[in-house]
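Notes follow the structure.
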Amino acid sequence: MPRYYYETFRLVGFPAIVEQHVTFGVGYQFTEKFGVNLGFTHAFKETIKESGTDVTGQPVKIESSLEENSIDFGLTWRF
């Protein structure tokens, strides 16, 4: 399979291209049965580019970029 078709399939089917990220979190236990948790994740921007020819022989280029931020909040109730 030519690299262009492989990269096209990968971008459509599996678009996550994160290579480096930073994650941190904190939690606090209010009582023996109840706690709160907070987390943050930042995935640094990554870009991939590929050029090739489509099925009709025309030159084409594809590009995909990804950068993410995520905040998680959780309550813990033990019973």
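Rule-based calculations on the coordinates, nothing more; no lab input. The structure presented is a predicted model; accordingly, all values stated were derived computationally and were not measured. No Cβ is skipped: glycine too gets one built from the backbone with ideal geometry, and neighbour counts run over all protein chains shown.
Side notes on the structure shown:
- Between K61 and R3, the distance separating the two model label sites (each 7 Å from Cα on the Cα→Cβ line) works out to 1.6 nm.
- Label point distance in nm, E68-T31, each placed 7 Å from Cα along Cα→Cβ: 3.6
- Computing log10 I(q)/I(0) by the Debye sum over Cα atoms at q = 0.14, 0.25 Å⁻¹ directly from the structure and comparing it against [x] -0.55, -1.18; [y] -0.64, -1.09; [z] -0.72, -1.13 singles out [y].
- R0 of 35 Å, Cβ-Cβ distance K49-W77: FRET efficiency to nearest 0.05: 0.15
- 14 Å beta-carbon shell around I17, net charge (K/R +1, D/E -1): -4
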